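So the structure is just underneath, and the comments pick up after that.
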Amino acid sequence: ALGGLPEEAWSHHASRQPGFQYAHSNIYCSDASRLASACPAYATACRWFEREGLTWFEAAFGCRGRVVVSASWYREGDYSTPHCDLGDLRRVAFVWHLTGEWDERSGGDLVWCSPHRRFAPSFNTLFLFPVHGASHHFVQPVAAGTPRAHRRLAINGWFCCEDEAWEAAVGSAGLSEAAVQMLHTWTQ
C-alpha cells in the first residue's frame with residue numbers, strides 16, 4: 001500500500017548537523033486523511049497507533065500520553081547516523097517494517113549500537129524499545145543500485161508522556177525489568 005504511493009506524496013528530509021545526520025522521506029499521520037483514498041491502509045494504521053496503540057502504552061506504563069506516527073521511506077543513499085531519540089518527551093519508540101522482497105545486500109538495516117545487533121528490514125516486523133540516553137541506533141545507508149521497486153518502508157514513531165507522569169509510572173530508575181520484558185515479549 002505505501003509502496004504504491006507516488007513519489008510526490010512523500011516529503012524528503014535531510015540534515016547534516018553535527019551530532020546527527022540523516023536523509024529519508026516521510027508521510028506524517030496528519031497527512032493520512034489527505035491520502036486516505038490513495039492509501040487506506042496507512043490511514044488505518046495511523047488510527048490504530050493513535051487509538052489502540054496509545055491505549056496499550058497508557059495501560060502498560062500507567063501514564064497518559066500521546067503518540068507521534070509517520071511512514072518512512074529510505075531511498076537509495078538514505079540513512080541515519082547513531083542517535084537515541086531523546087527529546088519531545090519520547091518514552092517508547094517503534095519501527096514497524098513493511099518492506100517486502102528486500103535483498104540484505106541493499107543495506108537499510110536497523111542497527112542497535114550496544115549491544116551491537118543488525119536487523120534487516122523484513123515485512124511485518126515490529127520493534128519497540130525504550131528511549132533513553134543509551135538507546136543509540138541508526139539506519140545503514142541504502143545501497144546504490146537498489147531497485148526502486150524494492151522500497152525500505154516502515155511506520156515509525158514514539159509514545160510520549162510528560163516527565164512527571166513518566167517518573168510516577170516507572171520511577172526515577174527508568175523502566176522496570178517487567179516493562180523491559182514486556183517490550184521484549186511484544187516484539188517477538
Send over the per residue convex hull volume for the stretch 24-81, Cα only, as a whole number of Å³. 102 Å³
Would you mind getting me the FRET efficiency between Ala1 and Val111? Use the beta-carbon distance for r and R0 = 41 Å, nearest 0.05. 0.95
Hey, can you find the accessible area per residue of the chain for me, probe 1.4 Å, expressed in square angstrom? 52 Å²
Under a point spin-label approximation (7 Å from Cα along Cα-to-Cβ), what is the Trp48-Thr125 distance to one decimal in nm? 1.8 nm
Inter-probe distance in nm under a simple model that places probes 7 Å from Cα toward Cβ, at Ala38 and His13: 1.9 nm
Write down Rg/Rh for the stretch 74-172, rounded to two decimals, with Rg from the C-alpha atoms and Rh from the Kirkwood relation over Cα pairs. 1.04
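The values are calculated or read from the model by the stated rules, or taken from the named source; none is laboratory data. The shown structure was predicted, so the numbers you read here are calculated from the model rather than taken from an experiment. When we count neighbours, we look across all protein chains shown, and the Cβ atoms used for this are built from the backbone with ideal geometry, even at glycine. Surface areas here come from the heavy atoms of the whole protein model, side chains and all, with no ligands, DNA or RNA. Shrake-Rupley method; radii C 1.70, N 1.55, O 1.52, S 1.80 Å.
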